[in-house]
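Working notes for the structure below.
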Amino acid sequence: MLILGIETSCDETGLALYDSDQGLLGNILNSQVDIHAAYGGVVPELASRDHIRKIVPLLNALLEQTDRSLADLDGIGFTAGPGLLGAVMVGATFGRSLALSLGIPALGVHHMEAHLLAPLIDLPNQPSTPPPLPFVALLVSGGHTQLVRVAAIGDYTLLGESVDDAAGEAFDKVAKMLELGYPGGPLLAKLAEDGDPTRYRLPRPMTDRPGMDFSFSGLKTAVRTLIAKERSEGSASGALDSQTRADIARAFEEAVVDTLLIKCRRALTAADTQHLVLAGGVSANRRLRARLASDLGGVIHVAPPELCTDNGAMIAYAGAQRLQAGESAPLAIETRARWPITELRAVGDANE
Ligand code: KG4
Ligand code: ZN
């Protein structure tokens, strides 16, 4: 089955072709970083407009790259939420209409389920090794920080989540405080590489009590306080020297990674498994990947970095799982800005 995946939930237009026998055939992405950089964050209306501009040229380029035509498609998966509604609607309207015109089924994909399944995508000449069920997934993106017990694809129990900011959001906000620009997370991670992890110690929020919920808002405030203190004690201009900025970035990253690690350990115990799927944009973070692999004491399943952040491949793959089971979307185009992952049904159950 050849599935086209379309991702437009935020500031990346991603399209991909996934073949259920041959794996991922092609994956193409246009990032809108340059458009939003001037504003220091994503401007929803500009995001929607650029998706409209890019979606057809990207589809044509993908078909050319993979030497396939529209007539070869067996189904289309598009992100239906959660995300910026206007942006989601571009991909959903395009995907649903294209499927109608081709007479093939289409399906609205849950963006976070797609992230969760990304480590399971079969890459060319590199089949994945799916974890045995049940397993635990840590979903860490710009909008979500959740620990989920996965009993089957689509059968999700929430073990814990952030009570305030998502981990990626905290990365982005701290990056802004350090005047790193947008997109903040990867820039902050890069700066942290030159930082001394022993100079500052920031709090590991909510780790001193039981439970698997997270809170990153207090950590953000702790960074703000630290920056203000260093500014007042530093040079006359109030500017931080580059080593101090790197040390603060490193202390923040260490605090986030430690916190995530402690909660993941609890989640594996709670779900009685050794297997952790690490997914979402923050799972591209090198230190997080390395620390979980070395210190968790379990087996980590994580996608290559380019499939951790938003992309069409994960939408094609997640769509393929459900389309193959006979699910399809009605002609009415349904999109959701908010959509709890626990509302999904197990693959195969949805038609009952
Ligand atoms: O999954 P994603 O691409 O979009 C959402 O669904 O939100 O995640 C984006 C988030 C942003 O907050 C970004 O700063 C963060 O992932 N991120 C990172 C890294 N790469 C992306 N955070 C830390 N280290 C990175 N290397
Ligand atoms: Zn995402």
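The values are calculated or read from the model by the stated rules, or taken from the named source; none is laboratory data. Just so it is clear, the structure is predicted and the values come from calculations on it, not from any experiment. No Cβ is skipped: glycine too gets one built from the backbone with ideal geometry, and neighbour counts run over all protein chains shown. Just so you know, the surface numbers come from the protein's heavy atoms only, side chains and all, with ligands and any DNA or RNA stripped out. Shrake-Rupley method; radii C 1.70, N 1.55, O 1.52, S 1.80 Å.
Filter region 164-192 for residues that are in contact with a helix residue (DSSP H, G or I) (Cβ under 8 Å, 6 or more places away or on another chain) and in a loop (DSSP other than H, G, I, E, B); which is nearest to VAL140 (Cα to Cα)? Outline the logic, then answer.
Just the residues of region 164-192 that are in contact with a helix residue (DSSP H, G or I) (Cβ under 8 Å, 6 or more places away or on another chain), to begin with: 164-165, 167-168, 170-178, 180-189, 191-192.
With the extra rule that they be in a loop (DSSP other than H, G, I, E, B), the set shrinks to 164-165, 178, 180-183.
On the way: ASP164: 13, ASP165: 11, LEU178: 22, LEU180: 21, GLY181: 21, TYR182: 18, PRO183: 16 Å.
The residue in question is ASP165.
Which of (1) over 17 Å from THR309 (Cβ atoms); (2) away from ligand 1 (no atom under 13 Å from the Cβ) does GLY81 not meet, given it meets every other one?
(2) is the only condition that GLY81 fails.
Considering only region 245-296, state which residues are within 18 Å of GLU193 (Cβ to Cβ), away from ligand 1 (no atom under 13 Å from the Cβ) and open to solvent by 10 Å² or more (accessible area, probe 1.4 Å).
Those that are within 18 Å of GLU193 (Cβ to Cβ), away from ligand 1 (no atom under 13 Å from the Cβ) and open to solvent by 10 Å² or more (accessible area, probe 1.4 Å): ARG245, ASP258, ALA293, SER294.
Just checking, how many residues over region 100-145 are part of a helix (DSSP H, G or I), within 23 Å of GLY23 (Cβ to Cβ) and either within 12 Å of ligand 2 (Cβ to nearest atom) or open to solvent by 10 Å² or more (accessible area, probe 1.4 Å) (or both)? Break it down into steps so the answer makes sense when it comes.
Step one: list which residues in region 100-145 are part of a helix (DSSP H, G or I), which gives 100-102, 111-120.
Retained after the next criterion (residues that are within 23 Å of GLY23 (Cβ to Cβ)): 102, 111-120.
Subset that is either within 12 Å of ligand 2 (Cβ to nearest atom) or open to solvent by 10 Å² or more (accessible area, probe 1.4 Å) (or both): 102, 111-116, 118-120.
Residues in region 100-145 being part of a helix (DSSP H, G or I), within 23 Å of GLY23 (Cβ to Cβ) and either within 12 Å of ligand 2 (Cβ to nearest atom) or open to solvent by 10 Å² or more (accessible area, probe 1.4 Å) (or both): 10 in total.
Going by the structure shown, is THR198 at pLDDT 95 or above, in a helix (DSSP H, G or I) and either within 16 Å of ligand 1 (Cβ to nearest atom) or surrounded by fewer than 18 Cβ atoms within 10 Å (Cβ to Cβ) (or both)? Write out each step before concluding.
Working: at pLDDT 95 or above: yes; in a helix (DSSP H, G or I): no; either within 16 Å of ligand 1 (Cβ to nearest atom) or surrounded by fewer than 18 Cβ atoms within 10 Å (Cβ to Cβ) (or both): yes.
No, not satisfied.
Give region 64-81 a look and list any residue that's part of a loop (DSSP other than H, G, I, E, B) and under 23 Å from the mean Cα position of the chain (by Cα), or say none. Can you show your working first?
Step one: of region 64-81, the residues part of a loop (DSSP other than H, G, I, E, B) are 67-69, 73-74.
Of everything in region 64-81, nothing turns out to be part of a loop (DSSP other than H, G, I, E, B) and under 23 Å from the mean Cα position of the chain (by Cα).
With the requirement that a residue be without any contact (Cβ under 8 Å) to a residue 60 or more places away in the chain, small (Gly, Ala, Ser) and open to solvent by 10 Å² or more (accessible area, probe 1.4 Å), what does region 146-170 give you?
In the first step, residues of region 146-170 are kept if they are without any contact (Cβ under 8 Å) to a residue 60 or more places away in the chain; the result is 161-166, 169.
Restricting the remaining residues to those that are small (Gly, Ala, Ser) gives 162, 166.
Within region 146-170, SER162 is the sole residue that qualifies.
With respect to LEU84, determine if the residue is touching a residue at least 12 places away in the same chain (Cβ under 8 Å), within 22 Å of the chain's Cα centre (by Cα) and open to solvent by 50 Å² or more (accessible area, probe 1.4 Å).
Values: touching a residue at least 12 places away in the same chain (Cβ under 8 Å): yes; within 22 Å of the chain's Cα centre (by Cα): yes; open to solvent by 50 Å² or more (accessible area, probe 1.4 Å): yes.
For LEU84, the condition - touching a residue at least 12 places away in the same chain (Cβ under 8 Å), within 22 Å of the chain's Cα centre (by Cα) and open to solvent by 50 Å² or more (accessible area, probe 1.4 Å) - is met.
Restricting attention to region 59-75, does a residue exist that is under 21 Å from PRO183 (Cβ atoms) and modelled with pLDDT of 95 or more? Full working, then the answer.
From region 59-75, those under 21 Å from PRO183 (Cβ atoms) are none; that's our starting set.
Within region 59-75 (the criterion being under 21 Å from PRO183 (Cβ atoms) and modelled with pLDDT of 95 or more), the answer is no, since none of the residues qualifies.
Restrict the check to region 231-239 and report whether at least one residue is open to solvent by 30 Å² or more (accessible area, probe 1.4 Å) and closer than 18 Å to PHE171 by Cβ.
no
Of all residues in region 201-212, count the ones that are farther than 13 Å from ALA170 by Cβ, under 26 Å from the mean Cα position of the chain (by Cα) and open to solvent by 60 Å² or more (accessible area, probe 1.4 Å).
Of the residues in that region, 0 qualify.
Checking ALA118 against (1) away from ligand 1 (no atom under 13 Å from the Cβ); (2) within 30 Å of LEU331 (Cβ to Cβ), which test does it fail?
Going through (1) away from ligand 1 (no atom under 13 Å from the Cβ); (2) within 30 Å of LEU331 (Cβ to Cβ) one by one, ALA118 breaks only (1).
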